[in-house]
Amino acid sequence: MRRFMLAALASLVSLASFNASTAHAQAGRAQFTEDFTQQEFITRRARIAEAIGPTGLALVQGAPSTHSSGLFRQSNEFFYLTGVVVPGAYVLIDGTGHSILYLPHSDAGRALTEGDLLSPEDAPAAVKATGVDEVKGPESISLDLNQKGRPGTVIDAPVLPAEGMSESRDGARRRNSDAFADPWDGRVSREANFLSLIRTRFPFLELRDLSPVVDAMRAIKSPAEVAIIDKATRIGGESILEAMRSTEPGVKESEIDAVAQFVFVRNGAQGEAYRDIVASGAAAWNPHHRAAPRVIADGELVLMDFCPDVSYYRCDVTRMWPANGKFSPWQRELYGFYLGIYEAILSEIKPNITAQTALQAAVKKMDVIVAQTKFSKPAYEKAARAFVETYRKSSERPTAALGHAVGMSTHDLGGGNGMLKPGLVFTIEPQFRVPEEMIYIRLEDMIQITPTGAKILSDWLPRDMQSVERIMAEQGLLQKYGPIHFSTRPAA
């Protein structure tokens, strides 16, 4: 019996590892993106080759393996250059544009439970799947660097932290700095360790930061990238619409989060772009208040800022609505004023002008709105004038910014400030506060700069009060499904 079982196991191992060309089906998830063509990544690597020069080298490290119960997600930087979704991968690009993908060797034992991965065991199939020039094992990196490098050869590698699941560059920096500053941790970042290994093992190579080159490329989105961002925006917007329908006094913020998560998964998102922000009433005063078991009360405004991660691209959209489905007089007054200011900014965003120019034109419209608005309280008027004054001061600076870029990360690279070039994608998110009553109002939309104008990708998602109230009158998923009621009585 034992010999039979061993023979059967050996047969299974053989079947699991027989051919990397079947890896897509075996692993259950594509290991080369299905949303972009090989040519998209070949073009990006060619631009890297042009940037580093004919004798240069660029070495980029992918994300490490995750634990056995986790779902692997590639780092944004490595995905951007390869489209490969395999842990422990590396890519070497030389100045001629030749690219070598280094993949871990196949593991028959893991393949039995997780499925095969692309590997150097069938390099021709991996080359065909990914569009790189060669596929090798990681032990070949040193051999290739020794062969291609000469004393004084420049090797570029990213210095800034790689972005992972639900993470932007600013968050990755904080993660690394917190670990390093902890006296009982003190870890250097994975990127710093990688750079240290290059310096130690290849002291004759001149190390240079590749991050600025990749960042500049990522700032301008291709049509294929915009299409995925638009898809993410659509899914994010639909989740917000369902959240509006499902909101009523007595519902918890965490339940609104659950509705959005359902819409994400149902429509093919691979995760969340960032942790859900659902803030009701005074909780919105903290702009990054995360969805909590807080019960939403009658008379409160609800803020929701949430978007998915779709094929390694994200969105960032915010809406606000009344908990009971009808804007009260004070909500109508302040939200209406804010919406006018918001639309004034949107109307002045155009291609090939600076963010400063757009703000200067918008401020003129803001002054008219303030003059025409009748405020019911001195505190409201004071807050409104301070709000506009903030934009006036910002418009006086050449470094004025409209918002932040969005792409592979929520706080992406480029966009929202400086020259508004075609291909930029960014958001605006003006923040209006009335300190005396802890009132906070914010909206946020996705904006794409095109050669002829500014396309608001999330413009279809209602902002006006009448449309919001109409959506809220519809029955929501939470009301259709209802809660599970648990008995607190002890078992007999």
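The values are calculated or read from the model by the stated rules, or taken from the named source; none is laboratory data. In this text, all values refer to a predicted model and were calculated from it rather than measured experimentally. Here the Cβ is made from the backbone with ideal geometry for all residues, glycine too, and neighbour counts use every protein chain on show. Just so you know, the surface numbers come from the protein's heavy atoms only, side chains and all, with ligands and any DNA or RNA stripped out. Shrake-Rupley method; radii C 1.70, N 1.55, O 1.52, S 1.80 Å.
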Can you pull out the chymotrypsin sites (Phe, Trp or Tyr not before Pro) in the range 170-207 whose DSSP state is coil and whose Cβ has at most 15 other Cβ atoms within 10 Å?
TRP184, PHE204
What longest range of the chain stays clear of loop-exposed trypsin sites (Lys or Arg not before Pro) (DSSP non-H/G/I/E/B, at most 16 other C-beta within 10 angstrom)?
30-186
Potential lengthening between LYS128 and THR390 on full extension [0.36 nm per residue; Cα-Cα distance subtracted]:
88.9 nm
Between the residues VAL317, ILE228, GLN448, the Cα farthest towards the positive end of the dipole of the chain, that dipole coming from +1 and -1 charges on the beta-carbon of Lys, Arg, Asp and Glu, is from VAL317
FRET efficiency for SER142 and TRP330, Cβ-Cβ distance as r, R0 = 51 Å, nearest 0.05?
0.15
Give me D for the range 97-145 in µm² s⁻¹, whole number, from Stokes-Einstein with Rh from the Kirkwood sum over alpha-carbon pairs, 37 °C and 0.692 mPa s.
289 µm²/s
Check: C-alpha center the range 271-309 vs C-alpha center the range 418-491, spacing in Å is 10 Å
Once both labels are modelled 7 Å past Cα along the beta-carbon direction, what's the GLN38-THR452 spacing in nm?
3.5 nm
As I understand it, the value is the acute angle between the Cα axis of helix 2-16 and the longest principal axis of the Cα atoms of the chain; what does it come to in degrees, rounded to 10?
70 degrees
In cubic angstrom per residue, the convex hull of the range 203-312 built on its Cα atoms measures 152 Å³
Can you give the FRET efficiency to the nearest 0.05 for ILE484 and GLN270, using r as the Cβ-Cβ distance and R₀ = 30 Å?
0.60
GluC sites (Glu not before Pro) in the range 105-163 lying in a DSSP loop, each with at most 15 other Cβ atoms within 10 Å of its Cβ, come to GLU139
For the range 342-394, fraction of C-alpha pairs farther apart than 19 Å, in %:
29 percent
Evaluate the Debye formula for the range 245-381 with equal point scatterers sitting on the alpha carbons, no solvent, and hand back log10 of I(q)/I(0) at q = 0.09, 0.12, 0.13, 0.19 Å⁻¹, in q order, two decimals.
-0.36, -0.63, -0.73, -1.12
Give me the accessible area per residue for the chain, probe 1.4 Å, as a whole number in Å².
46 Å²
Once both label points are put 7 Å beyond Cα along the C-beta direction, the GLN431-SER166 separation in nm becomes 2.1 nm
Can you work out the PRE-style zone for ARG201? Point 7 Å along Cα to Cβ, and I want the residues of the range 148-170 with backbone N under 16 Å.
148-150, 155-158
Going by alpha carbons, how many degrees (0 to 90, nearest 10) lie between the helix axis of 190-201 and the longest principal axis of the chain?
30 degrees
I need the Kirkwood Rh of the range 303-380: take the reciprocal of the average 1/r across all distinct C-alpha pairs and report it in angstrom.
15.1 Å
If you put +1 on each Lys and Arg Cβ and -1 on each Asp and Glu Cβ, how big is the dipole of the range 298-367 around its Cα centre, in Debye rounded to 20?
240 debye
